[in-house]
Structures are given as C-alpha cells and as structure tokens.
Amino acid sequence: MSKLRQLQPCDEIPMKNGLSRRDFVRSGALVAAALTASKAVRAAAAGHPSVDEGAPIRLGLASYTFRNFSRAQMIGFMKQLNVFELNAKDVKDHLPADLQEEATALADYAAAGIKLHAAGTIYFPKDEDADIRAKFEYCKRAGIAVIVAGDPALETLPRIEKFVREYDIRLAIHNHGPEDRLWHSPLDVLSAVKSMDPRIGCCIDVGHTVRAGTDVVQAIREAGPRLFNVHMKDLANFQSKDSQVAVGDGIMPMQKIFEALRAIKYRGFVDLEYEIHPDDSMPGVISSFAYMRGVLAGLGYLSHG
C-alpha cells in the first residue's frame, strides 16, 4: 500500500469539485458513518461489537465526554455512535466507587454490550496501601485492564508498583500539560518509570502533549510498549487549552498520529475525550468519530459491522 501524503494543518488545496482536502476527507467519513448507521442499530440490538473492534487501531470513548449526562443517556449515545468500548470515570453515575452502585452500573453496561477497557482518570493522593488497594479493587470488579492515573506523586509510585504486580492491572500515567505539577508531557512519565515494572506506562493525552511543547508523534514512538491508552482531541491553537474543536477541525496531525500508533503496533484504545460543549456533546462527537474513521479508512483500516 502506498504511503499517503500527510495533510498539513489547515491544508486547503482545492480539488476539482471545489472541496478542500480536509472537507473531502470529512465528507467521505460522514458518508461512511451514514452507511453504517442502520447497521449500528442492528449491531447494538444483537450485542455485536462496534465497527472499530477487531481493527489494528481501536476507537473508544472517554466517559468524561458525557460528564453532564447520566449513564443511561450515555449508553444511548454510544449505541447511536456504534461505539461499545468505554474508558469509564467516576463522574455522574458512569462508574461509581460505591460497591453496590458500581455493580448496578456494570450490569447496565453488560446489558448494552458495552465493554470497559480502562478507568480514569483515577487519583492517588495518599501513599497508603488501603487507599491504593481500594482503587485496584474498584477496577478489578469491573474487569478493567488499564488504570489511567492522574497526578501520582513520584514517592508513591513504588507502592503503586506493588499493586500493579499483585493485580496484573496496567497503570497509565496521564499527562496534563504545562499546568500539571509533575507530568507535563509523556516524556516526563517515561523518564520516571523506565526502570519500573513494564506494566507501568503512560496515557498520552494528545492535546496536553502538544501544549507542553512536545512532538506528539515522537512521544508515541518513544513510548512504544509503555503506551497503554490515548486520549484523543483536537486543538485550533497548540498554545491554547481553550481552543479545542471537533477532531478534524483543528491542526492536530491526525494521520501522523495514527501512523505512529501503527508503527509501534499499538494494541490499546484511542479514546475520544471531547471536553467542550458538555451540555450538547453529540454533534462534535459524531463528527470526531466520523473523521477518525475516515483517516483510518484512508490508511487501509476498514471497519466492519
């Protein structure tokens, strides 16, 4: 397969029909999304996997995207999107920390055919066994394989490492950009954990990464086998946290990101974390998934469903 030319930010080279290349990719993605819409309803009803499951690069959803919506509403949205892989967070009633409430949530997800592959961000404010064990038990009950950790202190990591080994649950430290007191960039994470258990690595948030001045494509390549989760978003300005837009509407090098993930043989999920318009998320979420699926199709990854 020939290598596609990387689209440059705001590449607006006209095509014969007057569409820009960006508009062409988006229109193709939206057509593909429309063609799978009826299949999505049937797949959800039959308990089928999403159109992205089984592809070398899998798309999922960070539940924080729908933080202003209930679990039931989010499940309905996921069925519309034909996305059945979730990175759950203890926000609203998405995955409560209370044991009984968590059990109810897990039953609801199972009934809807939704799989939980990660949880987070989960914070570890105490360097104490009891607090850390509670977080690992929470994820074990849910059958979650990856904890996305927010802001763990350096001195707490050796204690957390013991639980990673005991529970065989991977820990992905999430970088939060220049505002983070420790983990500005995935490179900070990699430097800190390089001698630790290989199940301790990073969750690369692409938006926070570029705002920290780090080349996100190079960070993916350097992370390699220690990359366990990706939070996907797009920005119109790499210096502005408030410039987030739907995926494909900004200047994030999406094709190069997916190419880098393919190059490292990434087997985790790329989870959309759409943080803007929290009371009206679906238009941007639909557009974002359509664009990502279009890019993946352009790279030769054909969804099924």
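The values are calculated or read from the model by the stated rules, or taken from the named source; none is laboratory data. Just so you know, these numbers come straight off a predicted model, no measurement behind them. Please note: Cβ atoms are built from the backbone with ideal geometry, for glycine as well, and neighbour counts cover all protein chains shown. The area values use the complete protein model at the heavy-atom level, side chains included, leaving out ligands, DNA and RNA. Shrake-Rupley method; radii C 1.70, N 1.55, O 1.52, S 1.80 Å.
Rounded, prolate or oblate: which one fits segment 102-246, using the alpha carbon gyration tensor with axes a ≥ b ≥ c (rounded when a/c is under 1.5, else prolate when a/b beats b/c, else oblate)? Note, shape of segment 102-246 comes out oblate. Would you mind counting up the charge near TYR274? Only other residues with Cβ under 12 Å from its Cβ, with Lys and Arg at +1 and Asp and Glu at -1. Around TYR274, the charge tally is -4.
Using the Cβ-Cβ distance between ARG221 and GLU155 with R0 set to 35 Å, the FRET efficiency from 1/(1 + (r/R0)^6) comes to roughly 0.75. Just so you know, the Cα atoms of segment 207-297 work out to an Rg and Dmax of 12.8, 37 Å. Here the spin labels are modelled as points 7 Å beyond Cα on the Cα-Cβ line, and at ASP280 and THR104 they lie 3.1 nm apart. Rolled with a 1.4 Å probe across the full set of protein chains, the surface gives MET196 an accessible area near 30 Å². In terms of overall dimensions, segment 52-95 has a Cα radius of gyration and Dmax of 10.6, 32 angstrom. Computed extension gain for ALA111 through SER240, at 0.36 nm per residue and net of the alpha carbon distance, reaches 42.4 nm.
Separation of segment 234-305 from segment 68-119 is 21 Å, based on Cα centroids. Rg and Dmax of segment 156-227, based on Cα coordinates, read 11.9, 36 Å.
Around the amide H of ASP205, modelled in the peptide plane, lie the amide H atoms of ASN175, HIS231, all under 5 Å away and 5 or more residues distant in sequence or on another chain. Heavy-atom accessible surface of ARG181, to the nearest 10 Å², is about 150 Å², with a 1.4 Å probe and all protein chains retained.
Applying the Karplus relation 6.51 cos²θ - 1.76 cosθ + 1.60 with θ = phi - 60° to segment 269-281 yields 3J(HN,Hα) values of 10, 9, 9, 5, 10, 9, 9, 9, 6, x, 8, 8, 7 Hz, where x marks Gly and Pro. The string of couplings for segment 184-196 from the Karplus curve (6.51, -1.76, 1.60, θ = phi - 60°) is 5, 9, x, 5, 5, 5, 4, 5, 6, 10, 4, 9, 9 Hz, one whole number per residue in order, with x for Gly and Pro. In this structure, the amide hydrogen of VAL270, modeled 1.01 Å from its nitrogen in the peptide plane, lies closer than 5 angstrom to those of ARG58, LEU59, GLY60, counting only residues at least 5 positions away or on a different chain. Taking amide H atoms as placed 1.01 Å from N in the peptide plane, list the residues 5 or more away in sequence, or in a different chain, whose amide H sits under 5 Å from that of GLU85. Close amide H contacts, sequence-distant or interchain: LEU61, LYS115.
Over all other residues within a Cβ to Cβ distance under 11 Å of HIS176, the charged ones net out to -2, with Lys and Arg as +1 and Asp and Glu as -1. Annotation: for a label point projected 7 angstrom from Cα along Cα→Cβ of TYR123, no residues of segment 189-221 have a backbone N closer than 16 Å.
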